[in-house]
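Report on the structure given below.
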Amino acid sequence: MKETIAINNLRTLACDMISNVKSGHPGIALGATPIYLAILKSMKSSAKHSNHILRDRFVLSAGHGSSMLYAGLHLLGYNITMDDLKKFRQMGSITTGHPEVNVCDGVDVSTGPLGQGVANAVGFAVAEKYMASNFNKPDCNLFDNYTFCLLGDGCLMEGIANEALSFAGTNKLNKLIFLYDFNAITIDGSISQTFNQNTIEVLKGYGLNVLEVENGNSVSEIEKAINKAKESDKPNFIIVKTLIGFGSPYEGQAKI
């Protein structure tokens, strides 16, 4: 019950931000919020120490879902006020259309073009592995943070994402967890028109551990997949089946 309330609060707040400025992407805010909530519940982070070097990192590769990100950070107590949410996507605001690092508290990396965040996440995972190899001791596992990345269909269509995923698999970056908002819709319509690759086999070929969640509205099922991913010695890719624009008149359609 509490999770349902949290999800609906996030969805409503994110969509109010979009409605207020008459600009943004409500489809991902309605469809992917349960994924985002599961990530937040799984992360080691704190609003009081938002730049702590040992924190888990979150990368929103699907940067157009920024209203969802800002709503979550606001509710968690990061330095984002209700007035900041009301100024979403407006000139001079810290709540920019796509996340901007060093502009908005709690944002770990800037993500604009689709696919860019996938590569950024791989970079974070490389940094964790490098720091661990230099500073961890048998009796002191100092650097052991995870990097979570939320991406969508458009991200996987970009060459940079595939190059980065291949690199991650080759180097066994097991502290890396991708969550794929798989709604099979892009701004132009169904991906069946433009993107029919066997994603699971491609990812396995790159050396990734692939997991699937059938119910994208189940936070507990997504959390179970995340916990299972943490047991792997490979980079992890969790495919979560969602409905874009969940609950709206345009649910499951590109119109949303």
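The values are calculated or read from the model by the stated rules, or taken from the named source; none is laboratory data. Keep in mind it's a predicted model, so treat the numbers as computed, not measured. Cβ placement follows ideal geometry from the backbone for every residue including glycine, while neighbour counts extend to all protein chains displayed. For the accessible areas, the whole protein counts, side chains as well, though only heavy atoms, and no ligand, DNA or RNA atoms are used. Shrake-Rupley method; radii C 1.70, N 1.55, O 1.52, S 1.80 Å.
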Which listed residue is assigned to a strand (DSSP E or B), at pLDDT 95 or above, closer than 18 Å to G112 by Cβ and not hydroxyl-bearing (S, T, Y), from L179, L151: L151
Check on D144, charged (D, E, K, R) and surrounded by fewer than 16 Cβ atoms within 10 Å (Cβ to Cβ): yes
Taking the options G27, G63, G77, name whichever one is open to solvent by 40 Å² or more (accessible area, probe 1.4 Å) and not polar (S, T, N, Q). G77
Please name all residue pairs, on different chains or six or more residues apart, with Cβ atoms under 8 Å, provided the first residue is in segment 230-256 and is touching a residue at least 60 places away in the same chain (Cβ under 8 Å) and over 27 Å from D56 (Cα atoms) and the second residue is among the hydroxyl-bearing types (S, T, Y) and in a loop (DSSP other than H, G, I, E, B). I256/S248; I256/Y250
Looking at segment 203-217 only, could you name the residues that are closer than 17 Å to D181 by Cα and free of Cβ contacts under 8 Å to residues at least 24 places away in the same chain? none
Could you identify the single residue in K234, K230 that is in contact with a strand residue (DSSP E or B) (Cβ under 8 Å, 6 or more places away or on another chain), under 22 Å from G169 (Cα atoms) and open to solvent by 80 Å² or more (accessible area, probe 1.4 Å)? K234
Please verify whether segment 54-68 includes one or more residues that are over 21 Å from G247 (Cβ atoms) and over 15 Å from the mean Cα position of the chain (by Cα). yes
Scan segment 88-125 residue by residue and report those that are under 26 Å from L142 (Cβ atoms), among the hydrophobic types (A, V, I, L, M, F, W, C) and open to solvent by 60 Å² or more (accessible area, probe 1.4 Å). none
Name the residues in segment 1-23 that are under 13 Å from H64 (Cβ atoms) and either out of contact with any helix residue (DSSP H, G or I) (no Cβ under 7 Å at 6 or more places or on another chain) or at pLDDT below 95 (or both), would you? S23
Does T199 meet the test of being surrounded by 15 or more Cβ atoms within 10 Å (Cβ to Cβ), among the hydroxyl-bearing types (S, T, Y) and more than 24 Å from T12 (Cα to Cα)? yes
Out of R11, R57, report the one residue that is in contact with a strand residue (DSSP E or B) (Cβ under 8 Å, 6 or more places away or on another chain), basic (K, R) and either farther than 23 Å from E214 by Cα or surrounded by 14 or more Cβ atoms within 10 Å (Cβ to Cβ) (or both). R57
Out of (1) touching an Asp or Glu at 6+ places or on another chain (Cβ under 8 Å); (2) assigned to a loop (DSSP other than H, G, I, E, B); (3) open to solvent by 30 Å² or more (accessible area, probe 1.4 Å), the odd one out for E221 is which? (2)
